[in-house]
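The values are calculated or read from the model by the stated rules, or taken from the named source; none is laboratory data. Treat the numbers as computed from the prediction; the structure is a model and nothing was measured. We place every Cβ from the backbone using ideal geometry, glycine too, and count neighbours over all the protein chains shown. Note: accessible area is taken over every heavy atom of the protein model, side chains too, but ligands, DNA and RNA are not part of it. Shrake-Rupley method; radii C 1.70, N 1.55, O 1.52, S 1.80 Å.
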Amino acid sequence: GEDVEQSLFLSVREGDSSVINCTYTDSSSTYLYWYKQEPGAGLQLLTYIFSNMDMKQDQRLTVLLNKKDKHLSLRIADTQTGDSAIYFCAETNQAGTALIFGKGTTLSVSS
Amino acid sequence: GAGVSQTPSNKVTEKGKYVELRCDPISGHTALYWYRQSLGQGPEFLIYFQGTGAADDSGLPNDRFFAVRPEGSVSTLKIQRTERGDSAVYLCASSPGTTSEQFFGPGTRLTVL
């Protein structure tokens, strides 16, 4: 079945770049997503990428997609303390009716 | 309101009781989703509505869980004979269509004692 795997923790210093990695199983996913969850808040869509793209840049965020290896990464440039949160990678299920999420990567940014 | 709202924000109940969780989607969104997020996990899909009908309920864990959306807007997730393992944050999301971005509500934290 579909599965999404992520590393659980990442710790960086303010101003450094953060790279969060994800692997997924369903090669038929049309879109792949990155969501951010802050304590006590709902999930916020950060960015997404079409499966026929290999890179997407949006301000400080860069998404890289390697379809051959089913590997997705999110790079945050000039990481700020406000970026501290849990980041979830997600793909659509085979029916296209729901999102399949990873367990989330907790990003901790120290000043 | 501009976003998805969920009530209550917190619900504490005793094992064996019945609970109802409510979701108000963004006005005009035809697709509505329920997810469950346990501690330290990502959200897990429960059920998807397109309009009034449940188009995919494959994520419901057992027949104690049921959801309705009678008028194609507000949805209620119903859990019968609650168990301690049902304790989690229940998230609702809506979108303009199936392939569109899903907008999530803040969730209802359910605690079963």
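When the trypsin sites (Lys or Arg not before Pro) in the stretch A:26-83 are filtered for DSSP coil states and for at most 12 other beta-carbon atoms within 10 Å of their beta-carbon, the remaining sites are A:Lys68.
Only the Cβ atoms of Lys and Arg (+1) and of Asp and Glu (-1) were treated as charged; on that basis the dipole of chain A about its Cα centre amounts to roughly 100 debye. Give the cross-link partners of A:Lys67 among the aspartates and glutamates, using a straight C-alpha distance below 14 Å as the criterion and excluding same-chain residues fewer than 8 apart. A:Lys67 reaches A:Asp26, A:Asp54, A:Glu91.
Solvent-accessible area assigned to carbon and sulfur over the protein assembly as shown amounts to 47 percent, based on a 1.4 Å probe. Near A:Leu45, once Lys and Arg are set to +1 and Asp and Glu to -1 for all other residues with Cβ below 14 Å from its Cβ, the sum equals -2.
Rg ratio for the stretch B:1-89: its Cα radius of gyration over 2.2 N^0.38 Å, N being its residue count, equals 1.07. Convex hull volume of the C-alpha atoms in the protein assembly as shown, normalised per residue: 123 Å³. Based on the reciprocal of the average 1/r between different C-alpha atoms, the Kirkwood radius for the stretch B:41-110 equals 13.0 Å. Extension gain, B:Val12-B:Gln50: 0.36 nm per intervening residue step, less the Cα-Cα distance, totals 10.7 nm. The stretch B:1-24 and the stretch A:1-53 have their alpha-carbon centroids 27 Å apart. For the stretch B:41-58, putting each phi into the Karplus relation 6.51 cos²θ - 1.76 cosθ + 1.60 with θ = phi - 60° gives couplings of 10, x, x, 10, 5, 10, 7, 10, 10, 10, x, 8, x, 7, 7, 7, 10, 5 Hz, in residue order, rounded to whole numbers and with x for Gly and Pro. Seen from B:Ala31, the other residues with C-beta closer than 13 Å to its C-beta sum to a net charge of -1, counting Lys and Arg as +1 and Asp and Glu as -1.
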